[in-house]
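What follows is a set of notes on a single structure, which appears directly below.
The values are calculated or read from the model by the stated rules, or taken from the named source; none is laboratory data. Owing to the predicted nature of the structure, the values given are computational and were not obtained by experimental measurement. When we count neighbours, we look across all protein chains shown, and the Cβ atoms used for this are built from the backbone with ideal geometry, even at glycine. Remember, those area values only see protein heavy atoms, side chains included, never the ligands or the DNA or RNA. Shrake-Rupley method; radii C 1.70, N 1.55, O 1.52, S 1.80 Å.
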2 protein chains.
Amino acid sequence: MTAQVTRSDASAVGLADDADIDAYMNRLGQAARAASTVMRRTPTGPKNAALAAMASRLEAARGEVLAANDRDLSRGRDNGLDAALLDRLALDDKRVDAMIEGLRQVAALPDPVGEIDGLHYRPSGIQLGQMRVPLGVIGIIYESRPNVTLEAASLCLKSGNACILRGGSEARESNAAIAACIGEGLADAGLPVSAVQVVATTDRAAVGRMISMPEYVDVIIPRGGKSLIERISREAKVPVIKHLDGVCHVYIDATADLDKALAIAVNAKTHRYGTCNTMETLLIDAPVAATLLPRLAAAYAQHGVELRGCSRSRELLEGILEATEEDWYAEYLAPVLAIRVVDGIDEAIEHIERYGSHHTDAIVTEQYGLARRFMAEVDSSSVMVNASTRFADGFEYGLGAEIGISTDKLHARGPVGLEGLTTRKYVVLGDGQVRQ
Amino acid sequence: MTAQVTRSDASAVGLADDADIDAYMNRLGQAARAASTVMRRTPTGPKNAALAAMASRLEAARGEVLAANDRDLSRGRDNGLDAALLDRLALDDKRVDAMIEGLRQVAALPDPVGEIDGLHYRPSGIQLGQMRVPLGVIGIIYESRPNVTLEAASLCLKSGNACILRGGSEARESNAAIAACIGEGLADAGLPVSAVQVVATTDRAAVGRMISMPEYVDVIIPRGGKSLIERISREAKVPVIKHLDGVCHVYIDATADLDKALAIAVNAKTHRYGTCNTMETLLIDAPVAATLLPRLAAAYAQHGVELRGCSRSRELLEGILEATEEDWYAEYLAPVLAIRVVDGIDEAIEHIERYGSHHTDAIVTEQYGLARRFMAEVDSSSVMVNASTRFADGFEYGLGAEIGISTDKLHARGPVGLEGLTTRKYVVLGDGQVRQ
């Protein structure tokens, strides 16, 4: 296998007309499975060499990649894509620099593969431990952002997996150009180019097949809007690591340090509006509501955040809309905040359990017992004391990079980095032991 | 909720005629979900108290349980159940003693819930760690052995989960009698009796509904024959932790200590025939085949094990059948062994990859490099050096008890104990940190 193969695969956009999508996907699946057995055994050195080579190839092909992206953008404008989508689709020198820097960061991460935990002797005389190993073949389905192609490829490569990447049709030329750099980087390092394959057809049937071939794909990670993820979860015959809603709460307890509470509540809402770890509902303990709510409202007003409140909060804040039942469930992803006055931690936890999405929830308190209870009792992927919900993020958690945030409970929960792309097998070292 | 409720629930066998299985299962699901929020917050003390109370209740109800089992057995004989099935179904004083002892062992295990790993400071000043928490509601579907009812209940309880148990129809009276003891034990300890619910209908539609309600059930664990597990995996709308084939191999390398090799190869095959960690195919390196195969054949002959060999092994062992392609894939679960002479570790690993089930595979060798390669390269849930495959077991691994052996890669791989019934959430401890 050579770099040329990848170039031609990647430029095969338009195969959709070719009818036999299933056969095409099966070929990708077989090649990925074969590559995965090589990647599983590949030491850290060649994997890092491939990441470095991809960075060099991307640097050298910067012009081609940006030109391909221009073509995607102009087609997107012709097709009437909205501004937000065009922004996610757009690459420029700064974003290409960030992609190259991302490759260097992944290379610098410790290799999780082969790490053995807890090796210890059992009474039988065997030594038992657990070794971290790749999952095998990972299928990633994503939407417009072409830099996901490189991010996903680099994380799957470093964790010893093969991957099949299926980006959005609006980014197809950008993705093909990036895929060419990836393939050349793999070939430069002597690794199989089919360790990373970008699906070269934009036909939706390709996704249907990709999520239905457990013989070739070990796990599917969908990244994108809720409807995409729901559809894939419903139809997949392969395990899915998914991220659904982020309806995150901050609960300010009566014992809170009010300056910390103010800083956290403002940061959790206004640092970025469109992210899943942004606070969507603020819960405030009745004894501090009268003091704190006006200060908070003034701060939110400066940021242009619209407030919607329960009846008790509307008594303290003039002119805000009443929050309806739907508001408590809402993931606004916008400068809108629901506010509710509650009577203590029990009511706060009850609200979070009932309306939340088990993503990230925080308490602000100075009381030890309440901090301890909130941590133990709130069933969310991240539970925080006196910190902004915005910290729920792979980079902030030191995972180096994240392939997504899982709202599932099994396997991976919360930000998913290299470790989430691996599993552990038992290793037994003996000296001739047999079972009695 | 009182113990009486459970008694009547458990004795509601026959609801199958009642038509509305879905509504019944929904009620169980809702009750389980409600109980799981209580169980999640229940400290170790009351959980252990419930286990002790169940032991006392079972001791007190020993006569009733054995009488119920007698009724199941006599109905089973009338229905023409085979001897092996009747044996799995049968309880006697010794098995009841073992059930009571099992409860005491689970009580003695460390409580995994709330354990925090790796708490450390991040550059932002937050402290980050991962806390082990219950999965929520676990559905377990099993076949004839009534002692699974108590084992599964005790593991789910100790790991802070609620569970819904669906045993085989042939064991329904035994299961109802055991369920009554479980409910009374929970009530004695002040815990919700719906933390453990035994499905009181033997209608198969109940299983269909149980595996299709992700709103109430977080994971399904099927225990039983391959066809049951395949059907459930195919139809489930809930994650499944499953155990399929155990086609386990021992590879004896030319550098092996031949006495150890002999002991391991005999133990791995003959210690028990019907278990998933029993060796089904022996791979032997060509240079030692002529020396070792006759000794092995003599040992197997003493145990009445039928050998089926490749052409090279048949040259060394007179009168054995030729192994066909199907033999390499076979999980005999019987005193039959396939034998193949291979040329070195590469051919052995290739055979294991191609025909194995990724359950448990062992190498016998005295060469460091080969041991290291086998451990890294064989993609099975347990990989062993110089030890019998029969060690792949929750008790031998020190898990205290096992709810099954997972041949899946995600979440749990290999023997599944308390830890496999939990997940981890991130905890963040701050002092007012906000994201920059």
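The rows are residues; the columns are (1) at the interface with another protein chain (Cβ under 10 Å from one of its Cβ atoms); (2) open to solvent by less than 20 Å² (accessible area, probe 1.4 Å).
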position	(1), (2)
B:Asp393	yes, no
B:Thr407	no, no
B:Ala412	yes, yes
B:Arg435	yes, no
Residues of the stretch B:349-373 satisfying the condition of being among the acidic types (Asp, Glu) and either open to solvent by less than 10 Å² (accessible area, probe 1.4 Å) or in a helix (DSSP H, G or I) (or both): B:Glu350, B:Glu353, B:Asp361
Residue count for the stretch B:372-401, restricted to those that are farther than 18 Å from B:Glu350 by Cβ, small (Gly, Ala, Ser) and touching a strand residue (DSSP E or B) at 6+ places or on another chain (Cβ under 8 Å): 7
Single condition B:Asp346 does not satisfy, out of (1) closer than 15 Å to B:Asn277 by Cβ; (2) part of a helix (DSSP H, G or I); (3) more than 9 Å from every other protein chain (Cβ to nearest Cβ): (1)
Residue that is nearest to B:Val113 (Cα to Cα), among those in the stretch B:143-193 that are hydroxyl-bearing (Ser, Thr, Tyr) and open to solvent by less than 10 Å² (accessible area, probe 1.4 Å): B:Ser159
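One line per residue, one yes/no per condition, for (1) among the aliphatic types (A, V, I, L, M); (2) farther than 30 Å from A:Pro214 by Cβ; (3) not in a helix (DSSP H, G or I):
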site: A:Ala35; (1), (2), (3): yes, no, no
site: A:Lys47; (1), (2), (3): no, no, no
site: A:Leu51; (1), (2), (3): yes, no, no
site: A:Ser74; (1), (2), (3): no, yes, no
site: A:Gly80; (1), (2), (3): no, yes, yes
site: A:Leu85; (1), (2), (3): yes, yes, no
Residue pairs meeting the criteria (Cβ under 6 Å; at least 6 apart or on separate chains; first loosely packed, with under 15 Cβ neighbours inside 10 Å, in the stretch A:318-344; second assigned to a strand (DSSP E or B) and modelled with pLDDT of 95 or more): A:Leu321/A:Arg308
Residues of the stretch B:194-210 classified as buried (at least 24 other Cβ atoms within 10 Å of the Cβ) and in a loop (DSSP other than H, G, I, E, B), total: 1
Check on B:Gly45, modelled with pLDDT of 95 or more and surrounded by fewer than 18 Cβ atoms within 10 Å (Cβ to Cβ): yes
Counted residues, the stretch B:372-391 - those being under 18 Å from A:Val113 (Cα atoms), at the interface with chain A (Cβ under 8 Å from one of its Cβ atoms) and free of Cβ contacts under 8 Å to residues at least 24 places away in the same chain: 3
Of all residues in the stretch B:216-236 being assigned to a helix (DSSP H, G or I) and aliphatic (A, V, I, L, M), the one that is nearest to B:Glu402 (Cα to Cα): B:Ile229
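Conditions (1) of a type in the set (Asp, Glu); (2) outside any loop (DSSP other than H, G, I, E, B); (3) open to solvent by 20 Å² or more (accessible area, probe 1.4 Å); (4) more than 14 Å from every other protein chain (Cβ to nearest Cβ), marked per residue:
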residue: B:Val238; (1), (2), (3), (4): no, no, no, no
residue: B:Val266; (1), (2), (3), (4): no, yes, yes, no
residue: B:Asn277; (1), (2), (3), (4): no, no, no, no
residue: B:Thr281; (1), (2), (3), (4): no, yes, no, yes
residue: B:Ala297; (1), (2), (3), (4): no, yes, yes, yes
residue: B:Tyr300; (1), (2), (3), (4): no, yes, no, yes
residue: B:Arg314; (1), (2), (3), (4): no, yes, yes, yes
Test result for A:Arg272, outside the structural domain of A:Glu325 (by TED's automatic domain parsing) and either over 26 Å from A:Glu326 (Cβ atoms) or not aromatic (Phe, Trp, Tyr) (or both): no
Which listed residue is within 26 Å of the chain's Cα centre (by Cα), open to solvent by 80 Å² or more (accessible area, probe 1.4 Å) and away from every other protein chain (no Cβ under 14 Å), from B:Asp87, B:Asp70, B:Asp97: B:Asp87
Lone qualifier among A:Asp257, A:Asp253 - being within 14 Å of chain B (Cβ to nearest Cβ), buried (at least 23 other Cβ atoms within 10 Å of the Cβ) and of a type in the set (D, E, K, R): A:Asp253
Members of the stretch A:212-232 found to be closer than 17 Å to B:Pro239 by Cα and open to solvent by 10 Å² or more (accessible area, probe 1.4 Å), listed by number: A:Ser212, A:Pro214, A:Asp218, A:Glu230, A:Arg231
Residue list for the stretch A:121-135, filter: surrounded by fewer than 23 Cβ atoms within 10 Å (Cβ to Cβ) and over 16 Å from B:Met375 (Cβ atoms): A:Tyr121, A:Arg122, A:Pro123, A:Ser124, A:Gly125
Test: B:Met39 is surrounded by 14 or more Cβ atoms within 10 Å (Cβ to Cβ), at pLDDT 95 or above and under 26 Å from A:Lys409 (Cβ atoms): yes
Residue, modelled with the highest pLDDT, within the stretch A:403-427, restricted to residues that are of a type in the set (Val, Ile, Thr) and within 13 Å of the chain's Cα centre (by Cα): A:Val416
Residue check, B:Gly118 within 14 Å of another protein chain (Cβ to nearest Cβ), at positive phi and open to solvent by 30 Å² or more (accessible area, probe 1.4 Å): yes
Any chance B:Val148 is in a loop (DSSP other than H, G, I, E, B) and hydrophobic (A, V, I, L, M, F, W, C): no
Only one of B:Leu128, B:Leu191 that is modelled with pLDDT of 95 or more, assigned to a loop (DSSP other than H, G, I, E, B) and out of contact with any Asp or Glu (no Cβ under 7 Å at 6 or more places or on another chain): B:Leu191
Candidate set: the stretch A:350-364, residues that are within 11 Å of another protein chain (Cβ to nearest Cβ) and touching a residue at least 60 places away in the same chain (Cβ under 8 Å); chosen: the one nearest to the chain's Cα centre (by Cα): A:His359
Check on B:Asp111, under 30 Å from A:Lys409 (Cα atoms) and outside any helix (DSSP H, G or I): yes
Looking only at the stretch B:414-433, and only at residues there that are more than 8 Å from every other protein chain (Cβ to nearest Cβ), more than 30 Å from A:Ile264 (Cβ to Cβ) and not hydrophobic (A, V, I, L, M, F, W, C), the one that is surrounded by the fewest Cβ atoms within 10 Å (Cβ to Cβ): B:Glu419
Leading residue by the ranking (nearest to the chain's Cα centre (by Cα)) among those in the stretch A:209-239 that are of a type in the set (A, V, I, L, M) and closer than 19 Å to B:Lys242 by Cα: A:Ile220
Some residue of the stretch A:332-341 being small (Gly, Ala, Ser) and at the interface with chain B (Cβ under 10 Å from one of its Cβ atoms): no
